[in-house]
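Every read-out reported here was derived from the displayed coordinates using simple, explicitly stated rules and does not represent laboratory data. Note that the coordinates shown come from a computational prediction; the quantities given were computed from them, not determined experimentally. Virtual Cβ from ideal backbone geometry, glycine too; neighbours counted across all protein chains shown.
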Amino acid sequence: AGQPHKRRRTSEPSEIEERLESLICRVGEKSHSSLESNLEGLAGVLEADLPNYKSKILRILCTVARLLPEKLTVYTTLVGLLNARNYNFGGEFVEAMIRQLKECLKVNMYNEAVHLVRFLSDLVNCHVIAAPSMVAMFENFVSVTQEEDVPQVRCDWYMFAFLSSLPWVGKELYEKKDAEMDRLLSQTESYLKRRQKIHVPMLQVWTADKPHPQEEYLDCLWSQIQKLKKDRWQERHILRPYLAFDSVLCEALQHNLPPFTPPPHTEDSVYPMPRVIFRMFDYTDDPEGPVMPGSHSVERFVIEENLHCIIKSHWKERKTCAAQLLSYPGNNKIPLNYHIVEVIFAELFQLPSPPHIEVMYTTLLIELCKLQPGSLPQVLAQATEMLYMRLDTMNTTCVDSINWFSHHLSNFQFRWSWEDWSDCLTQDLEKPKPKFVREVLEKCMRLSYHQRIIDIVPASFSVLSPANPVCIYKYGDESNRSLPGYTVALCLTIAIKNKASNDEIFSILKDVPNPNQDDDDGEGFSFNPLKIEVFVQTLLHLAAKSFSHSFSALAKFHEVFKTLAESDEGKLHVLRVVYEVWKNHPQMIAVLVDKMIRTQIVDCAAVANWIFSSELAHDFTRFYIWEILHSTIRKMNKHVLKIHKELEETKARLARQHKRRDSDDDDDDDDRSTDREDGPLEEQIERLQEKVESAQSEQKNLFLVIFQRFIMLLTEHLVRCETGGIDVFTPWYKSCIERLQQIFLQHHQIIQQYMVTLENLLFTAELDHHILAVFQQFCALQA
Amino acid sequence: AMSAGGTLSILRSDSYAELSQYRDQHFRGTRYDQERLLRKSCTLYVGNLSFYTTEEQIHELFSKSGDIKKVIMGLDKVKKTACGFCFVEYYARGDAENAMRYINGTRLDDRIIRTDWDAGFKEGRQYGRGRSGGQVRDEYRQDYDAGRGGYGKTVQ
């Protein structure tokens with residue numbers, strides 16, 4: 001760019017496209033000249049390329065508009081310059097953008113559609129699009145709020161697309177069409193007043209409003225736009241390269257946007273979920289540095305949007321991501337490190353779930369610390385301290401995400417000023433602060449070893465230190481010889497050490513009496529809890545050395561397990577015994593349960609029932625229990641998807657087979673022979689169809705069991721409190737109700753399928769209003 | 001056609017998940033076969049572990065990128081004790097990719113560990129290939145590493 005146009009050698013079309021893409025995407029990077037002169041040069045190069053490569057250039061620019069929103073104004077400037085040089089190109093670009101916008105809306109790509117709308121609106125500033133036609137488009141957007149019988153989330157999106165463009169173009173539109181804009185803003189205000197916000201509590205990270213209210217995203221944006229208007233639309237944060245080209249651009253002819261009718265709502269439309277804006281810092285948190293823009297300033301909105309977009313663009317490349325975040329143009333006018341940390345935690349704590357895998361954020365923060373070792377670690381420490389101090393009102397699901405902290409510490413020799421947190425030592429162990437410290441220490445231990453944890457915390461913290469993860473074998477001591485089954489346990493131990501087979505184990509176990517004698521069906525294989533006890537205790541004890549040893553044991557004696565755990569009670573009892581043996585080692589419990597599900601020794605419903613059983617009540621609020629439950633649900637979901645995929649693939653094969661028969665092709669002998677080998681596809685499809693239905697039924701049953709048990713547990717608590725006159729909101733209750741919310745949120749797409757059943761069977765009007773509220777909030781999410 | 005689905009090559013960049021230059025010299029098969037297996041593998045080789053790092057620690061760390069199918073500890077061929085490497089197999093390739101992106105180059109047991117694609121575990125590959133029984137790198141290194149048996153074998 002900037003060089004005189006040279007005659008090109010003939011290159012492959014894809015090479016040319018790559019080169020154009022690179023020129024456009026990297027404009028201004030690694031250049032000694034200013035961004036403006038780079039843009040001018042690039043505009044010249046592209047203008048010269050238009051006769052031959054117009055469609056490629058159009059496609060690249062449209063894609064850049066959609067996927068690089070953090071560089072919005074750079075590319076609107078470029079388009080502005082091109083339009084000034086070539087009016088027709090400008091028109092074609094606008095048309096292409098509209099086509100792309102319609103396409104995005106059709107396939108539910110709403111986040112990318114917002115970027116396109118913003119791009120179009122900034123093109124007004126570049127004299128590519130006439131302001132009145134942009135206002136007209138926004139009028140059509142806002143009128144969506146008048147549609148009847150459409151989900152609120154649909155209206156929300158069009159409102160968001162309008163409002164979130166105003167930081168860029170509000171000034172220009174207001175200058176040209178103030179009456180129309182005032183009308184739009186007044187319609188906005190009345191929509192925002194009447195829309196329902198039942199869903200908000202479910203999405204808030206903290207339940208308290210102090211020090212920073214967790215605002216619903218549209219409310220926050222509206223406050224920001226109102227303030228912008230009050231400031232006469234003066235916005236000083238956004239970099240606008242087009243200002244340098246004002247003399248050139250204002251000579252350009254503008255285009256009118258074609259009238260844009262929002263595509264109608266359909267059954268298949270899926271709109272973005274509502275959000276709550278996460279805030280943890282304000283101007284008081286960095287007294288030495290630049291002032292942090294207020295929560296209702298439009299600068300705050302723009303900074304946050306751009307930082308989120310950078311993460312979205314570069315999440316796979318952690319070093320690039322960190323570098324891009326740190327080079328966000330702030331001209332030292334904003335406390336960038338604070339914004340970055342806040343935005344990262346916003347994503348980590350986002351409900352229902354973070355946009356990216358949790359471990360990405362841990363590693364990104366480490367990369368940021370490496371690049372800014374003198375400043376970022378301190379901000380992170382400050383943030384951690386704040387999160388700790390506000391634990392009492394933090395949503396339980398979000399508290400889990402603070403386990404990035406244990407992983408983070410493991411990268412820094414577990415160095416932390418634990419004494420600063422000694423206030424939690426005097427609190428009840430179930431309270432959020434001591435609970436959090438316990439969970440962190442347990443997680444730290446998993447990444448190191450027990451003695452290490454004892455060594456890193458002050459002696460006073462021993463009450464919160466994790467148990468030594470040793471196995472508890474009830475038949476281990478001579479003193480236990482009076483226990484029923486003791487001798488059989490000894491027998492089994494010797495047999496297993498001598499590499500006994502499954503059959504030999506069966507014959508040893510035959511002699512174990514059944515305490516439920518009357519339930520014996522005479523076959524000898526009915527539920528015998530003592531058999532299960534003796535076998536599982538002994539085997540797990542022998543295999544206690546490592547995960548691999550335990551997995552081998554499960555595999556070797558799979559037959560015995562399957563037989564003993566054939567009934568539902570059998571499955572439940574196996575799980576109980578696993579817990580009894582390994583209650584000091586939650587990690588081991590989790591991997592054993594995982595293995596037993598995968599090898600079909602127990603099923604998902606058994607695990608769910610076990611988690612809600614009275615034996616586990618003591619551990620019910622511990623993090624590992626919920627890890628196990630969510631892992632179990634995920635396995636169930638993946639299983640359903642897998643069989644579904646198999647079914648679709650087989651159907652596709654059948655379709656191809658029919659096509660081949662119809663086309664009378666003789667030279668595809670290979671395909672024909674494999675068709676014959678696989679057996680009639682129709683039969684396969686029928687079998688798979690049954691498998692899918694059975695899996696889906698199992699999946700639905702799993703969720704129903706979970707919801708049912710939650711309702712029972714919560715109702716019990718509520719009744720007990722009301723009759724006893726005690727306050728309902730105990731730490732246990734808060735944890736339990738938020739875990740119920742977490743189930744809804746994390747698996748919302750699947751649960752949506754069960755709405756009718758849930759409404760009619762479980763979450764009926766007779767239910768206590770505390771529990772019903774959770775269901776109603778969930779319904780409100782996509783309403 | 002202005003489809004909503006295209007992307008940009010700068011956004012496709014995924015350098016952490018790419019194949020490295022290393023190719024196992026003991027691999028039975030062509031270079032082509034090996035690379036094909038590496039590109040669809042769900043198994044990672046993990047190196048620079050301490051001899052004292054346990055399967056449990058490895059499982060905890062690598063579970064952060066997805067469900068683990070199997071961990072196979074690397075063993076000294078003579079002593080049959082851990083010699084500082086392992087294999088981690090995931091059920092899904094995507095989970096292995098995330099491990100390459102976010103766990104590779106971070107610490108486990110206070111050591112920076114390194115992950116790389118592996119063509120797949122085969123019996124025998126759990127043993128070190130150094131003359132003394134451990135890994136080759138521990139034969140010849142000159143430095144003292146408390147977590148990996150002290151000095152290199154030739155120095156000892």
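Here are the numbers for the structure shown:
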item: Whether the stretch B:31-126 is rounded, prolate or oblate, judged on the alpha carbon gyration tensor where a/c under 1.5 counts as rounded; result: oblate
item: Gyration tensor (alpha-carbon) shape descriptor, the stretch A:215-330, a/c threshold 1.5; result: rounded
item: Coarse-grained scattering of the stretch A:382-488 at q = 0.12, 0.15 Å⁻¹, given as base-10 log I(q)/I(0) from a Debye sum over alpha-carbon atoms; result: -0.49, -0.66
item: Top positive-direction residue, dipole computed over chain B with Cβ charges, set B:Ala146, B:Gln34, B:Ile58; result: B:Gln34
item: Order of A:Glu180, B:Glu60 - criterion: other Cβ atoms within 10 Å of each residue's Cβ, fewest first; result: A:Glu180, B:Glu60
item: Approximate spin-label separation A:Lys562-A:Ser501, in nm, with each point projected 7 Å along Cα-to-Cβ; result: 1.6 nm
item: Student exercise, the protein assembly as shown dipole from Lys, Arg, Asp, Glu Cβ charges, in Debye to nearest 20; result: 2820 debye
item: Lysines with Cα under 18 Å of A:Lys734, excluding same-chain neighbours fewer than 8 positions away; result: A:Lys431, A:Lys433, A:Lys435
item: Net length gained if the chain between B:Glu35 and B:Gln142 were fully extended (0.36 nm per residue, minus Cα distance); result: 35.2 nm
item: The stretch A:310-393 - Kirkwood radius from inverse mean 1/r over Cα pairs (Å); result: 13.4 Å
item: Charged-residue dipole, Cβ positions (Lys, Arg, Asp, Glu), chain B about Cα centre, Debye nearest 20; result: 520 debye
item: Length gained when the stretch A:Ile494-A:Asp219 is fully extended (0.36 nm per residue, less Cα-Cα span); result: 92.0 nm
item: Efficiency of FRET between A:Gln776 and A:Trp732 - r from beta-carbon atoms, R0 22 angstrom, step 0.05; result: 0.45
item: Pairwise Cα inverse-distance average, inverted: Kirkwood Rh of the stretch A:479-623 (Å); result: 15.6 Å
item: The stretch A:273-347: C-alpha gyration tensor shape, a/c 1.5 cut-off, then a/b vs b/c; result: oblate
item: Shielding by partners, peptide A:56-68 (average Cβ within 10 angstrom, other chains); result: 3
item: Residues A:Phe412 and A:Ser460, FRET efficiency given R0 of 35 Å [Cβ-Cβ distance, rounded to 0.05]; result: 0.95
item: A:Val719, A:Val45 arranged by Cβ crowding within 10 Å, fewest neighbours leading; result: A:Val719, A:Val45
item: Average beta carbon contacts from partner chains per residue of A:360-372, 10 Å cutoff; result: 2
item: Within the stretch A:299-464: Cβ-based charge dipole about Cα centre, in debye rounded to nearest 20 (Lys, Arg +1; Asp, Glu -1); result: 440 debye
item: FRET efficiency, A:Gln196 to A:Arg622 (Cβ-Cβ, R0 41 Å, nearest 0.05); result: 0.70
item: Label-point gap, in nm, between B:Tyr22 and A:Glu698 - each point 7 angstrom along Cα→Cβ; result: 3.9 nm
item: Nearest-ten-degree value, helix A:298-314 long axis tilted from longest Cα axis of chain A; result: 60 degrees
item: For chain B, calculated [θ]222 nm from helices alone, where every DSSP H run of n ≥ 4 adds -39500 (n - 2.57); result: -6000 deg cm²/dmol
item: Hydrodynamic radius by Kirkwood, which averages 1/r over all alpha carbon pairs of the stretch B:40-84, in angstrom; result: 11.5 Å
item: C-alpha center-to-center spacing [the stretch A:424-453, the stretch B:80-122] in angstrom; result: 27 Å
item: Inter-centroid distance (Cα atoms) of the stretch A:206-245 relative to the stretch A:12-84, Å; result: 30 Å
item: Estimated 222 nm signal from helices in chain A, with DSSP H stretches of n ≥ 4 weighted -39500 (n - 2.57), rounded to 500; result: -20000 deg cm²/dmol
item: Cβ neighbours within 10 Å from other chains - mean over A:20-26; result: 2
item: Sequence-separation-based contact order of the stretch B:31-126, relative, with Cα cut under 8 Å and 6+ spacing, percent; result: 40 percent
item: Binned Cα-Cα distance frequencies in the protein assembly as shown - 10 Å width, integer %; result: 2, 10, 17, 21, 21, 16, 9, 4, 1, 0
item: Point-to-point label distance, A:Met712-A:Ala179, nm (Cα→Cβ direction, 7 Å offset); result: 6.8 nm
item: Cβ-based net charge around A:Ser33, under 14 Å, with every Lys or Arg adding one and every Asp or Glu removing one; result: -1
item: Lysine pairs with alpha-carbon atoms under 22 Å apart, the stretch B:31-126, spacing 8 or more or separate chains; result: 10
item: Ranked B:Leu8, A:Leu228, A:Leu253, criterion: other C-beta atoms within 10 Å, fewest first; result: A:Leu253, B:Leu8, A:Leu228
item: Binned Cα-Cα distances of the stretch A:299-464, short to long, each 5 Å bin given as a whole percent; result: 1, 8, 17, 20, 20, 15, 10, 6, 3, 1
